[in-house]
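Below is one structure, written out as structure tokens, with a few remarks after it.
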Amino acid sequence: MVGCQGVSTSKNAAAGPPPPASGELALNPTSESFGTVQVGSNQQQSGTITNTGGSTVTISQVGISGTAFTLSGISTPVVLAAGQIANFTVTFTPQSAGSASGSVTITSNGSNPTLSLALSGTGTTATAVLTALPTTLSAGNVAVGASGTVSGTLNASGANVTVTAANTSNSRFTISGLSVPAIIPAGQNVPFTVTFSPQVAGADSATLTFTSDAQPSTTTDSVTGTGIAAPTHTVSLSWNASSSQNISGYNIYRAVYTTSCGSYSKINGSTLDSVTTYLDSSVTDGVAYCYATTAVNSSNEESGYSNIVSDVQIPPP
């Protein structure tokens, strides 16, 4: 008798889809410090709530504590799909001198159902003052058609200062490096840059005006500069013609000279110089150069350098 082996026809249960990733909220920033704010004034800071999880989260409540702090820009309920962001603003308005604290609390059905944002600030009765330093800026001598820069700083004292505008009385002087509105905490400073772009030769100046919530509301600074004529130096070169046959033209090479000649670069471009003279008008004031030429024949064969003229000095501006 031949035995038979049974064959099972049962199948493993098919795996179902993975459970959806839970929603999870993240706060940015995780704490907010408002620094020193004058009593009766206010300071605002913004924040975000982001759903960093994989499923929708419903924010059921957003509360704030601390009598000096108020919340705006968000109302519940808020439904955030995965990756979505909600924005809010906290305002600090101290009613008396001294430190203050509070918190923003977010309640949701996310995997972290309660989030808290710590708030702090200090009220002061001191007057907020904005100072521009140095009191006079000098951009120095700048060639007409070029630009020169000079740096300054804005300093806040007494309380935080919010700078809302930065203007100049002369379009040839421009302010950069300061993004307004800019909050400067008490006792700190922020830099700014003034660029001077003269159009004609001669002395020039401007008044810089910074508008803020300090007392007084405008802070001024002065800046000076002198436009000078654009440099017109050139170097005139000449050499003896090559005695070799079938010469098509010449290449001209230049190197910067310090204590010796540096690396040479061809300055006549892709076109051979067909004569035995060349005018170099792209020199820089105050720099010294070395020069050499080569001869190129009709087979595009190039000779070695001619004798080298070194330490050709261009006058400083």
Among (1) of a type outside the set (D, E); (2) farther than 24 Å from G47 by Cα; (3) out of contact with any strand residue (DSSP E or B) (no Cβ under 6 Å at 6 or more places or on another chain), there is one condition S179 misses while meeting the rest; what is its number?
(2)
When only residues in the stretch 37-54 that are among the small types (G, A, S) and farther than 18 Å from S120 by Cα count, which is surrounded by the fewest Cβ atoms within 10 Å (Cβ to Cβ)?
G54
Just give me the residues in the stretch 237-246 being buried (at least 17 other Cβ atoms within 10 Å of the Cβ) and either polar (S, T, N, Q) or over 30 Å from A146 (Cα atoms) (or both), in sequence order.
W239, S242
When you go through (1) on the phi > 0 side of the Ramachandran plot; (2) surrounded by fewer than 13 Cβ atoms within 10 Å (Cβ to Cβ) one by one for N87, which number turns out not to apply?
(1)
Residues of the stretch 285-294 satisfying the condition of being touching a residue at least 40 places away in the same chain (Cβ under 8 Å) and of a type in the set (V, I, T)
T293, T294
In the stretch 172-195, is there at least one residue being touching a Lys or Arg at 6+ places or on another chain (Cβ under 6 Å), farther than 26 Å from P94 by Cβ and polar (S, T, N, Q)?
no
Might you let me know whether the stretch 223-236 holds any residue that is of a type in the set (S, T, N, Q), assigned to a loop (DSSP other than H, G, I, E, B), in contact (Cβ under 8 Å) with a residue 60 or more places away in the chain and surrounded by 15 or more Cβ atoms within 10 Å (Cβ to Cβ)?
no
Taking the residues in the stretch 67-84 that are of a type in the set (A, V, I, L, M) and in a strand (DSSP E or B) as candidates, determine which candidate is surrounded by the fewest Cβ atoms within 10 Å (Cβ to Cβ).
V79
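Conditions tested, residue by residue: (1) in a loop (DSSP other than H, G, I, E, B); (2) surrounded by 16 or more Cβ atoms within 10 Å (Cβ to Cβ); (3) of a type in the set (A, V, I, L, M, F, W, C).
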| position | (1), (2), (3) |
| --- | --- |
| A203 | no, no, yes |
| A206 | no, yes, yes |
| T219 | no, yes, no |
| S248 | no, no, no |
| S263 | yes, no, no |
Any chance S120 is at pLDDT 95 or above and not assigned by TED's automatic domain parsing to the domain that holds V57:
no
Select, from T193, T153, T174, the only residue that is more than 19 Å from Q38 (Cβ to Cβ) and touching a Phe, Trp or Tyr at 6+ places or on another chain (Cβ under 8 Å).
T153
Of G40, G35, G54, G98, the only residue that is more than 30 Å from F210 (Cα to Cα) and either touching a Cys at 6+ places or on another chain (Cβ under 8 Å) or not assigned by TED's automatic domain parsing to the domain that holds T162 (or both) is G54
Filter the stretch 174-201 for residues that are assigned to a loop (DSSP other than H, G, I, E, B) and polar (S, T, N, Q) and give the result.
S179, Q188, S197, Q199
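Search the stretch 250-286 for residues being polar (S, T, N, Q) and touching a Ser or Thr at 6+ places or on another chain (Cβ under 7 Å), and hand back the single one that is nearest to G304 (Cα to Cα).
N251
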From the option list T107, T91, single residue qualifying as more than 34 Å from the chain's Cα centre (by Cα), modelled with pLDDT of 95 or more and assigned to a strand (DSSP E or B) is T107
In this structure, is S242 in a strand (DSSP E or B), in contact (Cβ under 8 Å) with a residue 12 or more places away in the chain and either touching a strand residue (DSSP E or B) at 6+ places or on another chain (Cβ under 6 Å) or of a type in the set (A, V, I, L, M) (or both)?
no
For C290, indicate whether it is more than 14 Å from V235 (Cα to Cα), surrounded by 10 or more Cβ atoms within 10 Å (Cβ to Cβ) and in contact with a Cys (Cβ under 8 Å, 6 or more places away or on another chain).
no
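The values are calculated or read from the model by the stated rules, or taken from the named source; none is laboratory data. This one's a predicted model, so the numbers in the text were calculated from it and none came from an experiment. Note: ideal-geometry Cβ built from the backbone for every residue, glycine included; neighbour counts use all protein chains shown.
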